[in-house]
Every structure is written in structure tokens, then in C-alpha cells.
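Down below is the structure, laid out as C-alpha cells.
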């Protein structure tokens, strides 16, 4: 039987722990999951401190999208506690001025009471065209976003917008690392994952075909299999 490890799962913008359902079930023989929601803090530093306070002393860390930004900060604060690292559909770069401007517009819409319709507009942008009629998947993502609510959504955007550039930290990451991304990811394109994998010594890059941004939910089997291999390999 595989050795069971503590694995901390960090979701992304508009997401909660429900996004990891397939991975948690599929990794049940090798992972003791700790699923944390990133909704209550206003910076990557505060988010990382909270994760560290609510995690085992040593753990493998999986960060999706915004969760990856927080993962980099966790490594800056306490790299000795992270035994393995999985960066999923994320980036080591800071936000660009254009992306910050886009996020400010989203904040304005959310605070003006346009949150639900905005969510409905955002979801198709992050899914591969082949999932356009996958009403179960779309419904699950929408339900997560509505549970998060507009106030937490605004806090999450503030975290994302204020994150530092982590590219200078890549060379210092020494734990076993896997980088996972959809080939058609429009929010964090594959070249950003290639950049991270090239900067982290001995890391593994996994490209998921026919997949946009929501890799753990769009292609759950492939992501779960990649994470299983990462967990059990010494």
C-alpha cells in the first residue's frame, strides 16, 4: 500500500474545496487531504500564514491558480514544511497592469450587485469548448462561486492583484515538484508553466490535452493520475 501523506489542497478564484472531489477520492490510498478555502484574507502573506497555521507540520502542497500564488508565499515563509509541491494552472509572475484593470472592473461589477451574471459570463472563458454542454460541470463551478459570494470574491481578487513576482524564487525550490496545465489554458497559458518547470530543478511538466484552465475538474482522471505519480515517487 502507498505511504499516506498529508496533502494540503488550495483552490483558486471563485472556488472552494469541492473542486478537488475527484483528486481526494482518487488519492485516498496515498493522501490524507487537508482542503482549505482561500476566502478570508486580503493578501498572499496573510493567506499563507493562515494556511500554515491550519496545516500539519509537514505536508505536500497542491495549489491551483490563485492557490499557486499562495503556495509560492508559503515556500517563502516556511519552505522546510513543504515536502512536495504541485503547481496546477498557475503562474510565477505578478499581475500585469492590464489584468489589474480587468480585475478592478470585476470588483466594480460585483460590488454593484452584478455578481451572479458576471459569474455566468466568466465560466465559459475558463472551460474548453468541448465542455460547453457539460451542464453538471458548469453547475458545480457556478455553485462554488455562489457559495463564495461577492465579498470573498473581491478579497480574492485583491490577493491576486497584489501578489509579488515569484520567478526569482523558482531556483530555490528543492522539493519534488510537478507543474500541470491545460494545453488550451487562456488564463495561465502553457508557456507560463513551461517557465516555472524550467526554473525549478528536476520538476516535471504535465500538459493536459483538450483542457482549458480548470484542469482538476475538466480532466480529473488525468490530473489525479499525475498527482498520484508525484506523491508516490520518492
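Since every read-out is calculated from the coordinates, none of them should be taken as a lab result. Since this is a predicted model, take the numbers as computed values, not measurements. Every residue, glycine as well, gets a Cβ built from its backbone with ideal geometry; the counts of neighbours run over all protein chains shown.
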One checks the Cα atoms of the chain and finds Rg and Dmax, in Å, of 16.4, 53
Using Cα pairs under 8 angstrom and six or more residues apart, how large is the relative contact order of the range 1-148, in percent?
-> 23
Residue 175-residue 229 pseudo-label distance in nm [points 7 Å out on the Cα-to-Cβ vector] | 2.1
Most to least packed among 147-157, 216-226 [average Cβ atoms within 10 Å] = 216-226, 147-157
Tell me, in nm to one decimal, what length is gained between residue 151 and residue 201 on full extension, where the rule is 0.36 nm per residue of separation less the Cα-Cα distance?
-> 14.1 nm
Nearest-ten-degree value, helix 44-53 long axis tilted from longest Cα axis of the chain | 50
Residue 191-residue 158 FRET efficiency (beta carbon distance; Förster radius 25 Å; 0.05 resolution) = 0.40
Treating the angle as unsigned and between 0 and 90°, give the value, to the nearest 10°, between the Cα long axis of helix 135-161 and the longest Cα principal axis of the chain.
-> 90
